Every structure is written in C-alpha cells, then in structure tokens.
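Participant: Structure provided below as structure tokens; questions to follow.
Bear in mind these aren't lab numbers, they're just calculated from the coordinates by the rules spelled out. No experiment lies behind these values; they were computed from the predicted model shown. Quick reminder, even Gly has a Cβ in these numbers, built from the backbone with ideal geometry, and neighbours come from all protein chains shown.
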Amino acid sequence: MSEQARYAVVGNPIEHSLSPRIHTAFAEQTGESLVYERLLAPLEGFRDSVERFFAEGGAGLNVTVPFKQQAWETAGRHEPRAARAGAVNTLWRETDGTLVGDNTDGAGLVRDLRVNNGVTLAGARILVLGAGGAVRGILEPLLKEAPAEVVIANRTLARAEGLRDLFGDTGAVAASTFEALLGPFDVIINGTSASLQGELPPLPGGLVNPATVCYDMMYSQAETAFNAWARQQGSGLRLDGLGMLVEQAAESFLKWRQVRPDTGPVMAMLRPD
Ligand code: ATR
C-alpha cells in the first residue's frame, strides 16, 4: 500500500477546528487514502510552518484565522477566485514546486445557500454586513450569481467603499453605513466578526421581511446574536456558517483529490437534529 497523503489545517488557535473531522469523514466516504491533522503555527511563524509542512512531504493545507492573508502572500500562484480575494484558505504544491493558493470560502457559501437551502441569488437584493477579510473572500463568487445588487455595510464606511471599488466591475455593488441602510433585502449575510463576541452591528429596522434569508457566516451550537436578531425581525429562514464550513471543505477536497464528497451526511454528523 502506498503511503497516505498528509493534509492539515493550520491556524492559531487550532484545537477547536472541525476540519479534521470533516475531511476524515470525506476520505472514508470516497475511499481516498489520506490523513488530516491540526497544525498550530506560531503567530510570527506562519511561513516557516508552511514551508516545513510541504518540505516534509505534506500534500495540502487548509488555512484559518488569522493566517488567510499571509497564506495569500506565501502562495506563488493564485487560482482566479483567490487572486482578488486577497485571502487564501487552501494550499497545495504543484509538481514543479510552485505553491498554489485557492479560496473556497465564497464557493462554499454560495453552494450552501443555493444547493443546500434552495435560496435564489440571481436577481436578489443582497446585504453583506462587514468589510474585512471574510467578506473580501465571498464577494466575487456572490456577484457571479448575478444578484440585482450587493450592498456592503460596514462600521468603517471607507472599508466598504474600498471593496465596492475593488469588485465594482464584477456586478452591482454599493457601500453604506449601517444607519443609512434601506430595506428590505432578500438575503442578509453577516460577515462581521461582531458575532464572535456575541455582539451585533447597530442595524436599523425594516431590513427584514418574512421572505428574507439571514445567514451568519459564524457557526455555533447555540443561536448566534445575528440570528437571534433575524428571528426577532421576522426572518423566515435563518442559517449559520456550518453549511459553509462543510462546503468550503468539500471544495478544497475536490481541488486536492479530484473527487467531490457528498456533504449531506457530514453535516448531519456534525449537527444531528
Ligand atoms: P475578518 O477576517 O474576520 O473579516 P477583519 O478583517 O478584522 O476580520 O474584519 C472584521 C469585520 O467585522 C470588519 O468589517 C469590522 O468592522 P470595521 O471595519 O469597522 O472594523 C467588523 N466588526 C468587528 N466588530 C464589530 C462590531 N462590534 N460591530 C460592527 N462591526 C464589527
């Protein structure tokens, strides 16, 4: 039997990452022979950790907080969807030694919305909250779904305007403060890191109607602060980022192994209802 291919997720902290469980389940399901581990990189030692991993024969890495931008800088070539995102969550080495960076986050989000939850994005009015690295990674895949408009709202307006200018050639994008938002929207995606602290951006009323789909890119066993707000506002469908997490993993697995795993059983394993 040939030696098993080695993969890992690299981050800091990393002990709570679900990626090893997800990829191990994908490997069992598809019959791919691989091991997938957690790799804790020192905050000042990301590039060294990556170089060592590949020098020791590693086949591929997922990258999580806080290293996605550094991973972009470390990659010698970027897949088109990663190029403008400025952030990389998937790395592998080509036969000529080039380190390739991809970003599967946006594809994972779009697939979870469209395929798993039947949400129509084409022609939709979409509100995206936040303008940091997480949002940068999802804008191009979202805009490629041809929504009527994507409004980016952020506490610091200049960052939202920066993303509007960067992605404006891909579709209709606008920038706004939270206060100036005028609803309702068909889809609202929370990409702020406020949920991590259980906080919520100061959102005006009237953004949500019963048909509004609310999506928190964070996931948690308990309802997130954003999804609690969405429920109080009357949103009929509230989702958290577990589906996105499993779908971005499946996209990475596909890039590495040329096989697309079935995500349904893995989501059921992680969150049995
Ligand atoms: P990430 O990589 O997770 O996106 P980031 O680049 O630091 O992290 O971006 C965090 C995002 O969450 C930003 O849009 C930030 O708003 P600012 O650009 O104004 O800083 C937003 N954010 C964080 N805490 C917030 C809070 N309490 N209320 C509203 N927005 C918040």
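Participant: Does region 106-242 come out rounded, prolate or oblate by the C-alpha gyration tensor, with a ≥ b ≥ c the root eigenvalues, rounded set by a/c under 1.5 and, if not, prolate when a/b is larger than b/c and oblate if not? Provide the component values of the computation, followed by the final result.
Facilitator: Values: a/c = 1.34, a/b = 1.15, b/c = 1.17.
Cα axes put region 106-242 in the rounded bin.
Participant: Still on this model: About its Cα centre, what dipole magnitude does region 5-103 give when the only charges are +1 on Lys and Arg Cβ and -1 on Asp and Glu Cβ, stated in debye to the nearest 20?
Facilitator: Numbers: 10 positive and 13 negative charges, 46 e Å.
Computed about the Cα centre, the dipole is about 220 debye.
Participant: Follow-up. Taking Cα pairs under 8 Å and at least six residues apart, what relative contact order does region 106-242 come out at, in percent?
Facilitator: Relative contact order of region 106-242: 21 percent.
Participant: Taking neighbour counts of Cβ atoms within 10 Å as a proxy for exposure, in what order, fewest first, do HIS78, HIS23 appear?
Facilitator: Details: HIS78 17, HIS23 28.
Ascending Cβ contact count within 10 Å gives the list HIS78, HIS23.
Participant: Net charge within 12 Å of GLY133 by Cβ-Cβ distance, Lys/Arg positive one each and Asp/Glu negative one each, not counting GLY133 itself?
Facilitator: +2
Participant: Using a simple spin-label model with points 7 Å from Cα along the Cα→Cβ vector, what separation in nm is obtained for ASN117 and ASP169?
Facilitator: 3.2 nm
Participant: By the scheme Lys and Arg +1, Asp and Glu -1, what is the net charge of all other residues having a beta-carbon under 11 Å from that of GLY76?
Facilitator: After counting each charged neighbour, the total is -1.
Participant: Taking the Cα centre of region 41-166 as the origin, how large is its charge dipole in debye, to the nearest 20, when only Lys and Arg (+1) and Asp and Glu (-1) carry charge on their Cβ atoms?
Facilitator: On the way: 15 positive and 16 negative charges, 86 e Å.
Here region 41-166 has a charge dipole of around 420 debye.
Participant: Excluding LEU200 itself, calculate the net charge of residues whose Cβ lies under 13 Å from the Cβ of LEU200, where each Lys or Arg counts +1 and each Asp or Glu counts -1.
Facilitator: Here the count lands on -1.
Participant: If we sort 156-167, 187-198, 205-216 on the protection proxy, mean other Cβ atoms within 10 Å, highest first, what's the order?
Facilitator: On the way: 156-167: 16.2, 187-198: 20.7, 205-216: 19.0.
So the order, starting with the most tightly packed, is 187-198, 205-216, 156-167.
Participant: Rounded to the nearest 0.05, what FRET efficiency do VAL259 and ALA148 have when you use their Cβ-Cβ distance and R0 = 45 Å?
Facilitator: Computed FRET efficiency for VAL259 and ALA148 comes out at 0.80.
Participant: Could you tell me whether region 1-116 comes out rounded, prolate or oblate from its Cα gyration tensor? Rule is a ≥ b ≥ c as square roots of the eigenvalues, rounded for a/c under 1.5, then prolate if a/b exceeds b/c, otherwise oblate.
Facilitator: It comes out rounded by the Cα gyration axes.
Participant: What number, in percent, do you get for the relative contact order of region 5-103 if the mean sequence gap of Cα pairs under 8 Å and at least 6 apart is divided by its residue count?
Facilitator: After rounding, I find 27 percent.
Participant: Further, regarding this structure: Under the Karplus relation 6.51 cos²θ - 1.76 cosθ + 1.60, θ = phi - 60°, what is the ordered set of whole-Hz ³J(HN,Hα) values for region 120-135, x standing for Gly and Pro?
Facilitator: 7, 9, 4, x, 7, 9, 10, 10, 10, 9, x, 9, x, x, 5, 6
Participant: Sequence gap at least 6, Cα distance under 8 Å: using those rules, report the relative contact order of the chain to the nearest whole percent.
Facilitator: The value is 15 percent.
Participant: So, by mean Cβ neighbours within 10 angstrom, what's the order for 109-115, 41-47, 14-20, 251-257 with the highest one leading? All intermediate terms of the calculation are to be shown ahead of the outcome.
Facilitator: Working: 109-115: 20.0, 41-47: 13.4, 14-20: 15.1, 251-257: 21.7.
Packing order, densest peptide first, comes out as 251-257, 109-115, 14-20, 41-47.
Participant: In deg cm²/dmol, rounded to 500, what helix-only [θ] at 222 nm does the chain give when every DSSP H run of at least 4 residues adds -39500 (n - 2.57) and the total is split over its residues?
Facilitator: Calculated from helices alone, the mean residue ellipticity at 222 nm is -10000 deg cm²/dmol.
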